[in-house]
């Protein structure tokens, strides 16, 4: 793998570089209560972003586009609040900062792509000393987020990189799907909730126990 030409490495954030203390149940409960009380919808918000999109379509049919967009804006604010709160109690994963630096020191561009809101992503990077990154892509930056290829395609276009010279690193099947659909190489790390089979089924080209294995395989550097 050391001979593989890599010009850009895109890291997922939560589960790959650090573990956020995101309270999914609290978030789903707050969203459920909001939509039920304000719009008469009884929805289970898993996965959250897809359900918010679905709720917008339902409200548009009943009350029109303006009401639907206002509801989505309020829902995203509830989600954003919980994502920012998730920074409290978050922790860096082993050798995360060193892994990012190792690629930078080889002249390879590095970036973060996340389904999380930009304010929380930037706060996490600053708080935990990650980066610097050449690009940061949050859910606000593309019409569709992971598992769509759009976030990876955006990063590739920013640097005019060939898709096959972009390496996407993540712990979730959505990371692998986003990368593969964009034509990038994909490396799964077993530092999140997904197992090896989940990542391989989603198209991972490589699997590593953690970022140390990734850096050793691609750069020949032991962290």
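How about the stretch 1-22: which of its residues are assigned to a loop (DSSP other than H, G, I, E, B), at pLDDT 95 or above and surrounded by fewer than 22 Cβ atoms within 10 Å (Cβ to Cβ)? Steps first, answer last, please.
Step one: of the stretch 1-22, the residues assigned to a loop (DSSP other than H, G, I, E, B) are 1-7, 12-13, 15-17, 20-22.
The next check asks that each one be at pLDDT 95 or above; those that pass are 6-7, 12-13, 15-17.
Of everything in the stretch 1-22, those that are assigned to a loop (DSSP other than H, G, I, E, B), at pLDDT 95 or above and surrounded by fewer than 22 Cβ atoms within 10 Å (Cβ to Cβ) turn out to be 6, 7, 15.
The helices (runs of 4 or more DSSP H) found wholly in the stretch 149-223 and carrying at least 3 residues that are in contact with a strand residue (DSSP E or B) (Cβ under 9 Å, 6 or more places away or on another chain) and more than 14 Å from residue 112 (Cα to Cα) occupy 173-181, 196-201, 211-219. Per the conditions (1) more than 30 Å from residue 158 (Cβ to Cβ); (2) part of a helix (DSSP H, G or I), the sole criterion not satisfied by residue 43 is (2). Filtering 121, 136 for residues that are more than 23 Å from residue 209 (Cβ to Cβ), at pLDDT 95 or above and assigned to a strand (DSSP E or B) leaves a single hit, 136.
Only a single item in (1) farther than 29 Å from residue 223 by Cα; (2) surrounded by fewer than 22 Cβ atoms within 10 Å (Cβ to Cβ) is not met by residue 83, and it is number (2).
Is it true that residue 77 is surrounded by fewer than 16 Cβ atoms within 10 Å (Cβ to Cβ) and either within 24 Å of residue 184 (Cα to Cα) or in contact with a strand residue (DSSP E or B) (Cβ under 9 Å, 6 or more places away or on another chain) (or both)?
Working: surrounded by fewer than 16 Cβ atoms within 10 Å (Cβ to Cβ): yes; either within 24 Å of residue 184 (Cα to Cα) or in contact with a strand residue (DSSP E or B) (Cβ under 9 Å, 6 or more places away or on another chain) (or both): no.
No, not satisfied.
Remark: pairs (first residue in the stretch 22-49, closer than 18 Å to residue 69 by Cβ; second residue part of a loop (DSSP other than H, G, I, E, B); Cβ separation under 6 Å; 6+ apart in sequence or on different chains) = 31/45; 35/41; 35/43.
Would you point out which residue out of 135, 72, 116 is touching a helix residue (DSSP H, G or I) at 6+ places or on another chain (Cβ under 6 Å) and outside the structural domain of residue 148 (by TED's automatic domain parsing)? Explain how you work it out, then say what you get.
On the way: 135 fails: outside the structural domain of residue 148 (by TED's automatic domain parsing); 116 fails: outside the structural domain of residue 148 (by TED's automatic domain parsing).
None of the other options fit; the residue is 72.
Given the criteria surrounded by fewer than 20 Cβ atoms within 10 Å (Cβ to Cβ), touching a residue at least 12 places away in the same chain (Cβ under 8 Å) and out of contact with any helix residue (DSSP H, G or I) (no Cβ under 8 Å at 6 or more places or on another chain), does residue 209 qualify? So residue 209 fits the description; yes.
The values are calculated or read from the model by the stated rules, or taken from the named source; none is laboratory data. This structure is a prediction, so every number in the text was calculated from the model and none was measured. Ideal geometry is used to build each Cβ from the backbone, glycine not excepted, and the neighbour counts take in all protein chains shown.
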